[in-house]
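Here is the structure we will look at, set down as structure tokens.
The values are calculated or read from the model by the stated rules, or taken from the named source; none is laboratory data. Nothing here was measured: the structure is a model prediction, and the numbers come from that model. We place every Cβ from the backbone using ideal geometry, glycine too, and count neighbours over all the protein chains shown.
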Amino acid sequence: MMKIKKQYILFCFFLMFLISPTKNLSGQNSLEKYLELAAGNNPGIKAAFNYYLTALEKVPQAGALPDPQVSFGYFVKPMQLLGGNQVADIQLMQMFPWFGTLKAGRDEASLMAKAKFEEFNSSKARLFYNVKSSWYQLMKYDRKIALVKENLEILESIEKVAIVKFQSPVADIQSQSMSGSVTNSSAGVMNNSGGGMSGTNNQQGSNSNMLAKNTSLAMSSGMNDSQSGLQDVLRVKMEILEQKNRLELLNDQRRTEEATLNALLNRSLEINVQISDSLVAQPLPAGRLAIPDSILNNNSMLSMLENQTGTYLFMEQKAKKMGLPMVGIGLDYMLIKERSGNTSMMNGKDMIMPMVSVSIPIYRKKYNAMQNEARLMKEAGNQQIIDFKNSLMVQYRQIIQRLDDAERRISLYTEQEDLVRRTTGLLLSGFTTSGNSFEEVLRMQLKVIDYGFKNVEAIVDYNTSVAMVEMLINSIKY
């Protein structure tokens, strides 16, 4: 019965190690659904888009003419004129900025709106990166939880073997005692047939001493084996408790990351997020040699800075034209009341007088200061663009370094995990049959989960770096 039990446990061990720990499922498609939800529901994205719409509303404002001016005057005592008595005066005046002033203002507002749109795109790209990063973290926790559960099953199987080992010395002691008793009895019979009563008595005394000695040695050996078996049972129980605590921690971390993803989707933090079992390295959106040019051509923040800097050129042009005269065209309507005794043909007829006015911008300091301000801001913007390009290239180099490091770790830990699983399988076979190498079995089993964790983390680091590249080149469109 004992032999059958050991063979059953051994079969379970080999069955678990023959099954690959990584499953290639196609559950990644659900990530697209979460990206769409984030694009439609995230309040930060909605706010950025509203800022863009606000900037668009400034374009017609910047291109509009100044409001016309209307003035009305009433004479308490009518003014006597040649054509009668003037009782009221109404003036209407429309000012026109110098040619090109309004166009420069519209161009400035249009570029600023484009800058806001690129800022919106940058916010969206950052949101998609955060969603992907949170998604990969959830995949990491799911894979780690699966590894811990697998490890717990194996440790519980080891515990069963250790318990069997701990219980076996009792049967060995009884077997050794019975064997010594039978041997001594046979020797006593042989002596009785060859000798007399005295020989029989002497032989029985000798046999009794030998039996006591053998029993003592067997019990001592059995007690040592029993103590060793008990130590093995206690140690594996301690490790099982440790792994259960780790499992609870991973579950807590997953719930926290789940709340993070739900917050990005602007929904209840308690909603369960379903993640696939598949965790594989994702491809780069472009070749490594093409990524730097893609970043410089497609990065939203860089486009925002370029559009924002472009507005300063039109700001300078507008400031220059604002320093030129403004022309006003208007009408002056005078209400004339008839005056008795006046024989003039114009007596009592209202008068209309066209008017033209010109502003004289003689205070040049403010206009010169406005132009200098625009030039300095343009120069600062150009320097900011250069600095940001350098920062992007450094960031790209750091991402490539992380990708290379993650690739090396994936290759290393995948191979090490495979080797340590095979080694652990062999050790478990030896431990199940002979009961030896318990410490080595336990140590190697802990390495299985250690290399499994490191392999998962390497894949997640690689995918997170790929998501960072996608953010920099703004490759995800919704």
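Summary of values
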quantity: Single residue of segment 41-69 satisfying the filter (more than 35 Å from the chain's Cα centre (by Cα) and exposed (fewer than 12 other Cβ atoms within 10 Å of the Cβ)) that is nearest to S110 (Cα to Cα); calculated: P60
quantity: Filtered residues of segment 276-325 (kept if more than 24 Å from the chain's Cα centre (by Cα) and either closer than 30 Å to N455 by Cβ or among the hydrophobic types (A, V, I, L, M, F, W, C) (or both)); calculated: L289, A290, L305, L313, F314, M315, A319, M322, L324
quantity: Subset of segment 264-281 [in contact (Cβ under 8 Å) with a residue 40 or more places away in the chain and either in contact with a helix residue (DSSP H, G or I) (Cβ under 6 Å, 6 or more places away or on another chain) or of a type outside the set (K, R) (or both)]; calculated: L264, L265, N266, V273, Q274, I275, S276, D277, S278, L279, V280, A281
quantity: Candidate set from segment 432-478 (those that are outside any helix (DSSP H, G or I) and in contact (Cβ under 8 Å) with a residue 12 or more places away in the chain); member that is surrounded by the most Cβ atoms within 10 Å (Cβ to Cβ); calculated: N474
quantity: Qualifying residue in segment 442-452 (condition: under 26 Å from the mean Cα position of the chain (by Cα) and aromatic (F, W, Y)); calculated: yes
quantity: Meets criteria (within 26 Å of A113 (Cβ to Cβ), loosely packed, with under 14 Cβ neighbours inside 10 Å and at pLDDT 95 or above) for L376; calculated: yes
quantity: Meets criteria (under 18 Å from Y312 (Cβ atoms), in contact (Cβ under 8 Å) with a residue 60 or more places away in the chain and in a helix (DSSP H, G or I)) for N368; calculated: no
quantity: Qualifying residue in segment 109-120 (condition: in contact with a Phe, Trp or Tyr (Cβ under 6 Å, 6 or more places away or on another chain), in a helix (DSSP H, G or I) and of a type in the set (F, W, Y)); calculated: yes
quantity: Given (1) surrounded by 13 or more Cβ atoms within 10 Å (Cβ to Cβ); (2) farther than 30 Å from M79 by Cβ, index of the condition G348 fails; calculated: (2)
quantity: Conditions (1) at pLDDT below 90; (2) over 23 Å from I154 (Cα atoms); number of the one not met by V236; calculated: (2)
quantity: One residue from A104, A88, A115, A125 being touching a helix residue (DSSP H, G or I) at 6+ places or on another chain (Cβ under 7 Å), more than 30 Å from T464 (Cβ to Cβ) and either buried (at least 19 other Cβ atoms within 10 Å of the Cβ) or modelled with pLDDT under 95 (or both); calculated: A104
